[in-house]
């Protein structure tokens, strides 16, 4: 593998989104964030270091950019969920209170699917823990499959239906075009996250990152791997847009409207998560303004590694 550099320049992922996706932000962001932070702290769901990082993480802003039209109660729930997903990946279990708040969304098929995706999330993180214990690094194809589950995006995309009050029939959700759009969006968001999080991941010795695996498997420099990953994101954005044109009609105006709303939710996730990356402290810390402006990331040392 080529020698390690100490910095790299980000691909302009926001520019890749610009021709296709509109950034929207839920106006209830501030209220939902305040309520969620109070609930997280009052219920002792984080240890001290996590509480200190809570405000800078801006989980509420991520929820607001990815679910821009839901009401305050829904946005509050999603913010709670996103915060737990963000800070408690290794042992994330929905509290009884969160489950209770989901019960009013009366769709047994949706609940079974969501629980299946939660199980897949846990299984993927257990696999990553085993890999780290044995010093194993997956190949590119295996990593991409693992990342689809470890990202938690299967659950996050299920919450589009919750946020919009949709009840997509099973035969509609399982349609090949919808499944392809969903997988495209998962790959776009998770690969973008890997590019943004590479500095923090390498600082704590985490090899489960698209950039790291590309460097190893394709014998690329750090910058070369980042460019390669960015090109994958760009290509999959274009594939998503092409697949969207292939959506069929189900001969029922209400179902067709719900499908359009659901796909709009996938679009919101793509553009919202990419813009949020430059507002949160999780990836670039206090350097986020400089990174947003100039695009250069200087690698964190292991002593700066965070949760």
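All of the numbers you see were taken from the coordinates with simple rules; none came from a lab. Quick caveat, the model's predicted, so the values are computed rather than measured. No Cβ is skipped: glycine too gets one built from the backbone with ideal geometry, and neighbour counts run over all protein chains shown.
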inquiry  = Taking the beta-carbon count within 10 Å as an exposure proxy, list 197, 192, 142 from fewest neighbours to most.
reply    = 142, 197, 192
inquiry  = From the convex hull of the Cα coordinates of region 252-307, what is the mean projected area in square nanometres?
reply    = 5.4
query = Going by a ≥ b ≥ c, the root eigenvalues of the Cα gyration tensor, does region 1-80 fall in the rounded group (a/c under 1.5), the prolate group (a/b larger than b/c) or the oblate group?
reply = oblate
query = If one takes the longest principal axis of the Cα atoms in the chain, at what angle in degrees, from 0 to 90 and to the nearest 10, does the Cα axis of helix 72-87 lie?
reply = 30
query = From the square roots a ≥ b ≥ c of the eigenvalues of the alpha-carbon gyration tensor of region 149-307, which class results: rounded (a/c under 1.5), prolate (a/b over b/c), or oblate?
reply = prolate
query = Where the Cα atoms of region 7-304 are projected onto their three principal axes, how long is each span, largest first, in whole Å?
reply = 52, 47, 39
Most to least packed among 265-275, 128-138, 281-291 [average Cβ atoms within 10 Å] = 265-275, 281-291, 128-138
inquiry  = Quick check: the angle from helix 153-164's long axis to the longest principal axis of the chain, C-alpha only, nearest 10 degrees?
reply    = 30
key: MRE, 222 nm, helices only [DSSP H, n ≥ 4, -39500 (n - 2.57), over the chain, to nearest 500]   = -21500 deg cm²/dmol
key: region 187-226 residues near the modelled residue 132 label - backbone nitrogen below 14 Å, point 7 Å along Cα→Cβ   = 200-209
Chain lengthening between residue 183 and residue 7 when straightened (0.36 nm per residue, less Cα-Cα) = 60.3 nm
remark   = Footprinting proxy, 221, 65: sorted fewest to most Cβ within 10 Å, the residues are 221, 65
message = What is the angle, in °, between the Cα long axis of helix 222-244 and the longest principal axis of the Cα atoms in the chain? Nearest 10 is fine, range 0 to 90.
response = 20
inquiry  = Per 0.36 nm of contour for each residue apart, how much would the distance between residue 281 and residue 252 grow if the chain were fully extended, relative to their Cα-Cα spacing?
reply    = 6.0 nm
query = Hey, fewest Cβ within 10 Å first, where do 51, 30 land in order?
reply = 30, 51
ask   = In terms of the Cα gyration tensor, with a ≥ b ≥ c the square roots of its eigenvalues, is region 136-240 rounded because a/c is under 1.5, prolate because a/b exceeds b/c, or oblate?
value = prolate
